[in-house]
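Engineer: I am attaching a structure below and will ask some questions about it afterwards.
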Amino acid sequence: MYEPKGKHIFGTVKVGEKGQIVIPKDAREIFGIQPGDSLVVLGDEATGLAMIKNDVFLSQVASAIFQKTAEPDPERPAGESDEEIYDEIKERVEKRAKE
């Protein structure tokens with residue numbers, strides 16, 4: 001399966017009784033998330049939730065997210081559809097959840 005550089009699947013997390021989650025250690029290390037950092041939680045009713053560090057959101061990403069100005073990935077193979085990639089990611093996440 002095609003894996004874009006810098007993209008990760010960290011597995012699944014469970015929501016506790018107070019609505020809290022634990023961000024996986026690998027994710028915290030890669031994105032430099034430290035205790036006390038502020039995260040912005042974004043939501044799209046069709047696709048779900050995303051989190052981003054507040055400082056990154058404010059300085060670089062806000063306009064791109066809300067204006068949908070992202071460019072297509074030129075390294076992505078032409079023959080692989082969004083649905084195929086989605087199915088492969090879904091299978092990997094389900095496999096990791098069982099581990």
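Engineer: Using the number of other C-beta atoms within 10 angstrom as an exposure proxy, rank Leu58, Leu39, Leu49 with the fewest first.
Structural biologist: Leu49, Leu58, Leu39
Engineer: Computed FRET efficiency, Cβ-Cβ of Lys18 and Asp55, R0 25 Å: what is it to the nearest 0.05? Don't skip to the answer; put the middle values down first.
Structural biologist: Numbers: r = 26 Å, r/R0 = 1.03.
The computed FRET efficiency comes out at 0.45.
Engineer: Shifting gears a bit: Under 27 Å Cα to Cα from Lys95, which lysines show up? Leave out anything in the same chain fewer than 8 places away.
Structural biologist: Here the lysines satisfying the reach criterion relative to Lys95 are Lys5, Lys7, Lys14, Lys18, Lys25.
Engineer: Also, quick follow-up: Give the peptides 25-33, 40-48 in descending order of average Cβ contacts within 10 Å, highest first. Each step should come with its number before you reach the end.
Structural biologist: Working: 25-33: 12.4, 40-48: 9.1.
Highest to lowest by the protection proxy: 25-33, 40-48.
Rule-based calculations on the coordinates, nothing more; no lab input. Not measured: the values here are computed from a predicted model. No Cβ is skipped: glycine too gets one built from the backbone with ideal geometry, and neighbour counts run over all protein chains shown.
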